[in-house]
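One structure below.
The values are calculated or read from the model by the stated rules, or taken from the named source; none is laboratory data. The structure displayed is predicted, hence computed values, not measured ones. Here Cβ is always computed from backbone atoms with ideal geometry, including for glycine, and neighbour counts include all displayed protein chains.
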Amino acid sequence: MTGAPRAFRYLGPPELLARAGRHTLGRAVRTPTELAARLAESPPGERTDPFTYVVDLTGTLWLAPRRSEHVACAGGADVLAAGEIRFAVQSTGRWAVAEISNLSTGYCPDLDSWSAVATALDHAHLPRPDAFTYAFLFRRCPTCGQLNLVKDDDLTCAACDNPLPAEWNLTTPRRLHR
């Protein structure tokens, strides 16, 4: 199934998942017009601040205010990608992605989630970079079970100093059939 998008389950606190229910805090962005409308709802000083985003299992981009939990943006559902995204106005007057990451400690998406993000942004006709502008690695320590945000490519557990796996290992990945 290589190449099929991977779904990421929520791994964060159960109480946040319970609060998220199946009602999303996010707003779908499928066109430049929907993005402009979403940004217009924000105070002018916050339009170029980062937003929380997810890409749902249908490949749609969803945005919520930055201080929102990713699980609330997704309505508690599994996602293809999650992180933070910031937009900037181009010289043409169109909004474009200025920065984007996979930073979500609730879903801990691996770097291969970029393909789902790129596809969602392309379908929405939103100019984007060629890759995450900020990329994060998440690993679970097989010795003590601690979730680690890997820093400086140091695959050592922050809690017990044992080696972390080179490959993403937070849940059993599920490949989606398309």
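What residue, among those in region 48-88 that are within 18 Å of THR133 (Cβ to Cβ) and β-branched (Val, Ile, Thr), is farthest from the chain's Cα centre (by Cα)?
Here the answer is THR48.
So, in region 104-128, of the ones that are of a type in the set (S, T, N, Q) and part of a loop (DSSP other than H, G, I, E, B), which residue ends up nearest to the chain's Cα centre (by Cα)?
Applying the filter and picking the extreme gives SER104.
For region 86-95, does any single residue satisfy the condition of being modelled with pLDDT of 95 or more, under 17 Å from PHE136 (Cβ atoms), out of contact with any His (no Cβ under 8 Å at 6 or more places or on another chain) and in a loop (DSSP other than H, G, I, E, B)?
Checking region 86-95: not a single residue is modelled with pLDDT of 95 or more, under 17 Å from PHE136 (Cβ atoms), out of contact with any His (no Cβ under 8 Å at 6 or more places or on another chain) and in a loop (DSSP other than H, G, I, E, B).
Which of the residues that make up region 3-42 are touching a strand residue (DSSP E or B) at 6+ places or on another chain (Cβ under 6 Å), among the aliphatic types (A, V, I, L, M) and in a helix (DSSP H, G or I)?
Within region 3-42, LEU35 is the sole residue that qualifies.
Taking into account only those residues within region 129-178 that are β-branched (Val, Ile, Thr), part of a loop (DSSP other than H, G, I, E, B) and over 24 Å from ALA77 (Cβ atoms), which is modelled with the highest pLDDT? Give the steps one after another, and end with the answer.
From region 129-178, those β-branched (Val, Ile, Thr) are 133, 143, 150, 156, 171-172; that's our starting set.
Still in the running and part of a loop (DSSP other than H, G, I, E, B): 133, 143, 171-172.
Narrowing further to those that are over 24 Å from ALA77 (Cβ atoms): 133, 143.
On the way: THR133: 97, THR143: 93.
By that ranking, first place goes to THR133.
Kindly indicate whether any position in region 153-167 is of a type outside the set (Lys, Arg) and within 18 Å of the chain's Cα centre (by Cα).
No, because not a single residue in region 153-167 is of a type outside the set (Lys, Arg) and within 18 Å of the chain's Cα centre (by Cα).
Does PRO5 satisfy being under 15 Å from SER104 (Cβ atoms), within 17 Å of the chain's Cα centre (by Cα) and of a type outside the set (Ser, Thr, Tyr)?
When the stated conditions are applied, PRO5 does not pass them.
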